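No value in this document is a laboratory result; all are computed from the given coordinates. Just so it is clear, the model here is predicted, and its values are computed rather than measured. Cβ placement follows ideal geometry from the backbone for every residue including glycine, while neighbour counts extend to all protein chains displayed.
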Amino acid sequence: MNLKARPGAVLGKHRNTGTVVGHTLQGKWHYKETDWTASAGHFTYETPGAEHTIEVLKDNTEDTILLLNVWGSLEFVHASSKGTAVLDFISAARLQHAACKKLNMECPFLAREHSAKQIQASTEL
């Protein structure tokens, strides 16, 4: 998946259930839990169970773009520790479908008619 974020954006604290391999295409970001900073050309490898918060640097002069290969899901950890929200392939497709429908536009990811119908059916459950 591609992740595009504006300066100062934060991808909340989450845990990976599988491996994540990433490549920074543009901009700068870091894990809030470390001193390491990634910039264009940097490669990242996140192991299953890794827990971290991604923060795009506020002083970026451009959006940050990451190309991420995600196996499994992301489990977002709430500060209260009273549960998690999960983002996986199906939930991401549901979000995209809902956004495209709201904007009255065709979903490029769901170009095949049967895929859109399957996502629509699962969204209505």
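Here are the numbers for the structure shown:
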| quantity | calculated |
| --- | --- |
| Spherically averaged projected area in nm², based on the convex hull that wraps the Cα atoms of segment 1-109 | 7.7 |
| Highest to lowest packing among 28-39, 94-105, scored as the average C-beta count within 10 Å | 28-39, 94-105 |
| Rg/Rh for segment 54-107, where both radii come from Cα atoms and Rh is the Kirkwood radius | 1.06 |
| Cα-based reach from LYS4 at 19 Å (exclusive), listing aspartates and glutamates while leaving out same-chain residues under 8 positions away | GLU46, GLU55, ASP59, GLU62, ASP63, ASP88 |
| Reciprocal of mean inverse Cα separation for segment 1-60 (Kirkwood radius, Å) | 11.8 |
